[in-house]
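**Student:** Okay, here's the structure, questions in a sec.
The values are calculated or read from the model by the stated rules, or taken from the named source; none is laboratory data. The shown structure was predicted, so the numbers you read here are calculated from the model rather than taken from an experiment. Quick reminder, even Gly has a Cβ in these numbers, built from the backbone with ideal geometry, and neighbours come from all protein chains shown. For accessibility, only protein heavy atoms count, side chains too; no ligands or nucleic acids. Shrake-Rupley method; radii C 1.70, N 1.55, O 1.52, S 1.80 Å.
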Amino acid sequence: MTIYFAPLEGVTDAVFRRMHHAQFSGVSKYFIPFISPTQNLCFTNRDLSAIAPERNEGVPVVPQVLTKHAAHFIWAANELADMGYTEVNLNAGCPSGTVTAKGKGAGMLADLPALERFLDEVFEKTPLPVSIKTRVGFTSPSEFERICELLIRYPFCEIILHPRTRKEFYKGIPHRDLYSTLLASSSCPIVYNGDLFSCEDCRQLNADFPGTHAVMLGRGLIANPALAQTLSGGSTLTLSMLQNFYEGLLDAYKAIYPPHVVLGRMREIMAHMVCCFESPEKPKKAIRKASTLDAFESAVNTLFLTHLLCENPMFTP
């Protein structure tokens, strides 16, 4: 089974990607959370930090670009090619209101003629293979027929589909019938993303849709960082694995960030990992309420000392 790590802004940064790749196997590609070229055709310092080749050395990464301007995307693709990248991903699926209000991310699905013009220009001029991560519609699943017709006309190297609309965000049941429609319609590799939290989820998806090229895991792989490893035939998650990963991340972030930044990043990660423990309600509440790094570390240490891993550790929405 081919497995990709989804880009989650504020979580799967360069430190997280390097640490995960060093400690766990099974992930074929790590997608870098989106970068956004400015109108002056430059990357921000934050974006440069994310895509700097030296920060991703040895990790199989794919940068993701968020923009509604073809010229900006093409410029970014050229810059990325010069850095040595061999693929660029278009973010046409981010459901954030601040993103979609500007016609970017999933907002591109609200104006298909504009998206068509964008893709016409990109595929005429891009120096790199282009993949796309998108959704089945902006407000309604009924929009997907036209979206599918548009997508299959272009030579994407991969289409990654999260089968929900922008309006649905991450709620409700994914529209897997529409994923099936795309699989039957497209000749390019199709990747499934959405609500795959356990080995059973992934295996059932592949059984139901045998034409699937790869699965992209996000929240499930943050909660159980050994999920891809287990799916690939490796070891299952143990308490020591999880604790070593947590401590490695904590030490790495402490070395480069002030305490309040470390707290914010680690609290988001542990909000996922705590799902892997039996009856974690009390430490989960303490982790969420921790206002200092010391209080946070104390709550996490209590979790590791007093709680067992679930028999099937997995993310619970």
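**Student:** Considering only residues that are among the small types (Gly, Ala, Ser) and open to solvent by 20 Å² or more (accessible area, probe 1.4 Å), look in region 33-53 and name the one that is nearest to Ile269 (Cα to Cα).
**Tutor:** Filtering first and then ranking leaves Ala50.
**Student:** Further question on the same structure: Restricting attention to region 31-43, does a residue exist that is within 24 Å of Gln229 (Cα to Cα) and without any contact (Cβ under 8 Å) to a residue 40 or more places away in the chain?
**Tutor:** Going residue by residue through region 31-43, those that are within 24 Å of Gln229 (Cα to Cα) are 31-33.
Among the residues that remain, those that are also without any contact (Cβ under 8 Å) to a residue 40 or more places away in the chain are: 32-33.
Checked region 31-43: at least one residue is within 24 Å of Gln229 (Cα to Cα) and without any contact (Cβ under 8 Å) to a residue 40 or more places away in the chain.
**Student:** For Val262, state whether it is in contact with a strand residue (DSSP E or B) (Cβ under 9 Å, 6 or more places away or on another chain) and open to solvent by less than 40 Å² (accessible area, probe 1.4 Å).
**Tutor:** Considered against the rule, which asks whether it is in contact with a strand residue (DSSP E or B) (Cβ under 9 Å, 6 or more places away or on another chain) and open to solvent by less than 40 Å² (accessible area, probe 1.4 Å), Val262 comes out as no.
**Student:** Taking region 3-32, which residues are surrounded by fewer than 17 Cβ atoms within 10 Å (Cβ to Cβ), at pLDDT 95 or above and over 15 Å from Met241 (Cβ atoms)?
**Tutor:** Ser28
**Student:** Taking region 201-216 as the search range and keeping residues that are without any contact (Cβ under 8 Å) to a residue 12 or more places away in the chain and under 26 Å from Cys310 (Cβ atoms), which one is surrounded by the fewest Cβ atoms within 10 Å (Cβ to Cβ)?
**Tutor:** Ala207
**Student:** Looking at Ala228, Ala252, which is the one that is open to solvent by less than 40 Å² (accessible area, probe 1.4 Å), assigned to a helix (DSSP H, G or I) and over 21 Å from Asn301 (Cβ atoms)?
**Tutor:** Within the list Ala228, Ala252, the selection yields Ala228.
**Student:** Take Pro258 and tell me if it is under 30 Å from Ile159 (Cα atoms) and at pLDDT 95 or above.
**Tutor:** Working: under 30 Å from Ile159 (Cα atoms): no; at pLDDT 95 or above: yes.
Here the answer is no, as Pro258 does not meet what is asked.
**Student:** Check Glu87 against each of (1) closer than 30 Å to Leu237 by Cα; (2) in contact with a Cys (Cβ under 8 Å, 6 or more places away or on another chain); (3) not aliphatic (A, V, I, L, M) and name the one condition it does not meet.
**Tutor:** The single condition Glu87 does not satisfy is (1).
**Student:** Name every residue in region 13-38 that is outside any helix (DSSP H, G or I) and aromatic (Phe, Trp, Tyr), in order of residue number. Talk me through it step by step, then tell me what you get.
**Tutor:** Initially, region 13-38 is screened for residues outside any helix (DSSP H, G or I), giving 13, 24-38.
Hits for region 13-38 are Phe24, Tyr30, Phe31, Phe34.
**Student:** So, one more: Which of the residues that make up region 293-306 are open to solvent by 80 Å² or more (accessible area, probe 1.4 Å) and within 23 Å of Gly218 (Cα to Cα)?
**Tutor:** Selection gives nothing.
**Student:** Just for region 231-255: of the residues that are more than 23 Å from the chain's Cα centre (by Cα) and touching a residue at least 60 places away in the same chain (Cβ under 8 Å), which one is nearest to Thr292 (Cα to Cα)?
**Tutor:** Ranking the candidates gives Leu239 first.
**Student:** Could I ask something else about it? Quick one: in region 273-292, which of the residues that are under 9 Å from Leu303 (Cα atoms) and in contact with a His (Cβ under 8 Å, 6 or more places away or on another chain) is surrounded by the most Cβ atoms within 10 Å (Cβ to Cβ)?
**Tutor:** Pro283
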